[in-house]
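Data block below; observations after.
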Amino acid sequence: MRFFLYILCIAAMLLQFPAPDAALATQTHGAPEGIYVHQASHIFFIFAMAILIYWLRSRNLVENKGWRMIQYAGVFFILWSLDAFLVHFIDEQARLVELSRISRWNVSIEPAGGHLWLAWLYYLLKLDHLLCVPGMVFLYLGLRRLSDTAYDIDNTRGEGT
């Protein structure tokens, strides 16, 4: 059954290659209310992940590999949310860059005031998936480790009965 699900997922991904659409890493939001609420949610998420990490460390749960991986996920999620917050600020609030489509696969980034470093910073920040995906992988691995541990404990209890 698991093999069939893997094949199904791979087939679904391969079917998307012939007809790509715009793959925008970060979404834009309606001004001004949408972006303010969205930015506030990034800040809230950063604090939530920081509290989770603090809680895990203060209770020494990170000695368990599953919880330690969840802590790493929290760190990556904080970095991702900071990244996304900055992209939204540069792109939608401060309007420090102007994007124009050159072709289907090329976009021009025109920074305000001709500051080339700003264009490079914006480009690098748009690669937010390089922070979010590892966070999701660590979260998955941590939850799987905790689940396996709970399963082992349940099986050990059931052996005596």
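The values are calculated or read from the model by the stated rules, or taken from the named source; none is laboratory data. All values derive from a computational prediction rather than experimental measurement. Don't worry about glycine lacking a Cβ; one is built from the backbone with ideal geometry, like all the others, and counts go over all protein chains shown.
One table, with the values for the structure above:
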read-out: Residues within the range 76-113 that are of a type in the set (A, V, I, L, M, F, W, C) and free of Cβ contacts under 8 Å to residues at least 24 places away in the same chain, tallied; value: 7
read-out: Answer from Tyr36, Tyr72, Tyr6 - the residue that is at pLDDT 90 or above and among the aromatic types (Phe, Trp, Tyr); value: Tyr72
read-out: Number of the condition not met by Met49 [criteria: (1) in contact with a Leu (Cβ under 9 Å, 6 or more places away or on another chain); (2) within 30 Å of Glu33 (Cβ to Cβ); (3) touching a residue at least 24 places away in the same chain (Cβ under 8 Å); (4) surrounded by 17 or more Cβ atoms within 10 Å (Cβ to Cβ)]; value: (1)
read-out: Selection from the range 82-109 of residues that are closer than 27 Å to Val37 by Cα and in contact with a strand residue (DSSP E or B) (Cβ under 7 Å, 6 or more places away or on another chain); value: Ile90, Asp91, Leu96, Val97, Glu98, Leu99, Ser100, Ile109
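A quick yes/no check of all residues on (1) in a strand (DSSP E or B); (2) among the aliphatic types (A, V, I, L, M); (3) touching a Phe, Trp or Tyr at 6+ places or on another chain (Cβ under 6 Å):
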| residue | (1), (2), (3) |
| --- | --- |
| Gln71 | no, no, no |
| Phe77 | no, no, no |
| Ser81 | no, no, yes |
| Leu99 | yes, yes, no |
| Trp105 | no, no, no |
| Leu131 | no, yes, yes |
| Leu146 | no, yes, no |
| Tyr151 | no, no, no |
